[in-house]
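**Q** Take a look at the following structure, please.
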Amino acid sequence: MRRTSVIVTRKRMMVFVDGENLVRGYERVLAARSHVEHGHKVHSPRNYIWVANPFQEFIIPFDVIRASYYFSLVGNDDVQRQASLEALRECDLGSQTIGNQRMKLTPRIYQRPSGGESSKRLDIEICTDVLSNTYQDNFDVLLLVTGDEDFVPLVAEVQRSGKQVVIASFQHGLSPQLRQVADVFLPLEATMFLRPVNGDGDAVTS
């Protein structure tokens, strides 16, 4: 009897990080002192945050094509911009490797007005890039790191194209509508911090 081989194709994933929403959520948890900080992190207050390998276990079954990190800075300080880009380029998404290279973040930087929390252009660019890659069939699974309700229509459009959408966000400030439409939800408290703190201010140990 002839034996037939079965080719198992791993699903392709693309990651898009709303850095503005992420750093706001992180700093809310930080201010509440409800969780223990991660020792290995890159953090510029109000600008960006990333910790070592936050999606290490989740991405193992997937082939991650790219992980884009969108963030904004006030002003046009070239030294600050370059330092920020270099810091984020050194950050890992997780333990998955592509060839002999670890999957690094691809930072995308935008300017925001002085005193403002966000850049309108940033959200537009995320939507444009996600839709472009959706229509070109560049991924099977979208990992979108944001809690912003403005992305609900984007998620619906991606799903109409037959893709799965994973939302990763801090639960405080997360849009209920966004969580409802997600195929999978990942709470970032469990990955961006080491562990929660109990009511007495002590770290909870397992």
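The values are calculated or read from the model by the stated rules, or taken from the named source; none is laboratory data. On a predicted model such as this, the values are computed, not experimentally measured, just so you know. Glycine gets a Cβ as well: all are built from the backbone with ideal geometry, and neighbour counts include every protein chain shown.
**Q** Can you name the helices (runs of 4 or more DSSP H) wholly within segment 114-200 that have at least 3 residues being touching a strand residue (DSSP E or B) at 6+ places or on another chain (Cβ under 7 Å)?
**A** Qualifying helices (runs of 4 or more DSSP H): 120-135, 152-160.
**Q** So which residues in segment 132-178 are under 15 Å from the mean Cα position of the chain (by Cα), farther than 19 Å from Leu122 by Cβ and not aliphatic (A, V, I, L, M), if there are any at all?
**A** Gln171
**Q** Same structure again: Counting just the residues of segment 21-54 that are buried (at least 20 other Cβ atoms within 10 Å of the Cβ), touching an Asp or Glu at 6+ places or on another chain (Cβ under 8 Å) and among the aliphatic types (A, V, I, L, M), which one comes out nearest to Gln111 (Cα to Cα)?
**A** Ile49
**Q** Name every residue in segment 153-184 that is surrounded by fewer than 17 Cβ atoms within 10 Å (Cβ to Cβ) and closer than 17 Å to Leu22 by Cα, in order of residue number.
**A** Gln171, His172, Gly173, Pro176, Arg179
**Q** Among (1) β-branched (Val, Ile, Thr); (2) closer than 22 Å to Arg179 by Cα; (3) over 14 Å from the mean Cα position of the chain (by Cα), which single condition is Val74 missing?
**A** So Val74 meets the others, but not (2).
**Q** Can you tell me which condition Ile167 does not meet? The list is (1) touching a Pro at 6+ places or on another chain (Cβ under 7 Å); (2) at pLDDT 95 or above, and all the others hold.
**A** (1)
**Q** Quick one: which residue in Gly99, Gly147, Gly162, Gly115 is of a type outside the set (A, V, I, L, M), on the phi > 0 side of the Ramachandran plot and modelled with pLDDT of 95 or more?
**A** Gly162
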